[in-house]
Every structure is written in C-alpha cells, then in structure tokens.
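The values are calculated or read from the model by the stated rules, or taken from the named source; none is laboratory data. Computed from a predicted model, the values in this text were never measured in an experiment. Positions of Cβ are generated from backbone atoms using ideal geometry, with glycine treated the same way; all protein chains shown enter the neighbour counts.
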Amino acid sequence: MTTYIFTPPYVDETPEGARHRLFMYLLKFRMGISIGKKNGTYFQDRFPHQDNIDTYSEFYAGGHKHSVSEAVKTALIAANVGVDESNFVEE
C-alpha cells in the first residue's frame, strides 16, 4: 500500500503593529494550518489547543510533515479543507 508525506496547508502572515508599513511587505511568516478530524469530519484548526486536540480522532499539526495512507490522502482531499494533491509526496 502506498504511503504519502502530508504537509498541511499554510498561510503567509505579516506581523501586526509593525512600526513601518514597509515591514508589511518584507516580513512574512509562514504559519501552518492544522487539520483535525472529529465526529467523522475534517476541518481546519488555525490555533489548536491541547484540550481540543485530545478530543480529535485524527490530528495533523500545521508546519509538520505526517505519514499518511492513500485512504487518508483521498479523504483529506475530498473533505474540502484546503488540501489538494500538492500537499502530498509519495514516500
């Protein structure tokens, strides 16, 4: 069975309250978006908290790489949570 390396989606954010508007364009931080599954439904979790994570049946932390099966890959893409083929690399 094929396995894949899953990298959750991300957004590029700029620091809030920068002293000069130029920093808005120069300083960008890549922030991973975590993906959770609860009650059979996948969803994005931008700011996961440990108490919530403990209730998830699956959790993929943003900014990390995860090994997943082909079935999980298919389910994540079908869930429409910002995941597509570009988030996976064959292991």
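Here's the yes/no breakdown for (1) loosely packed, with under 11 Cβ neighbours inside 10 Å; (2) in contact with a Ser or Thr (Cβ under 7 Å, 6 or more places away or on another chain); (3) in a helix (DSSP H, G or I); (4) modelled with pLDDT of 95 or more:
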position: 5; (1), (2), (3), (4): no, yes, no, yes
position: 12; (1), (2), (3), (4): yes, no, no, no
position: 17; (1), (2), (3), (4): yes, no, no, no
position: 20; (1), (2), (3), (4): yes, no, no, no
position: 37; (1), (2), (3), (4): no, yes, no, yes
position: 64; (1), (2), (3), (4): no, no, no, yes
position: 75; (1), (2), (3), (4): no, no, yes, yes
position: 83; (1), (2), (3), (4): no, no, no, yes
position: 86; (1), (2), (3), (4): yes, no, yes, yes
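Counting only residues that are in contact with a strand residue (DSSP E or B) (Cβ under 8 Å, 6 or more places away or on another chain) and without any contact (Cβ under 8 Å) to a residue 40 or more places away in the chain, how many does the range 58-91 have?
Restricting attention to the range 58-91, the residues satisfying the condition of being in contact with a strand residue (DSSP E or B) (Cβ under 8 Å, 6 or more places away or on another chain) are 58-70, 72-73, 75-76, 79, 81-83, 87-91.
When the remaining residues are screened for being without any contact (Cβ under 8 Å) to a residue 40 or more places away in the chain, the result is 58-59, 75, 79.
So the answer is 4.
Among the residues of the range 41-62, what is the count of those that are among the polar types (S, T, N, Q) and outside any strand (DSSP E or B)?
In the first step, residues of the range 41-62 are kept if they are among the polar types (S, T, N, Q); the result is 41, 44, 50, 52, 55, 57.
Of the ones still in play, those that are also outside any strand (DSSP E or B) are 50, 52, 55, 57.
Summing the residues that are among the polar types (S, T, N, Q) and outside any strand (DSSP E or B) in the range 41-62 gives 4.
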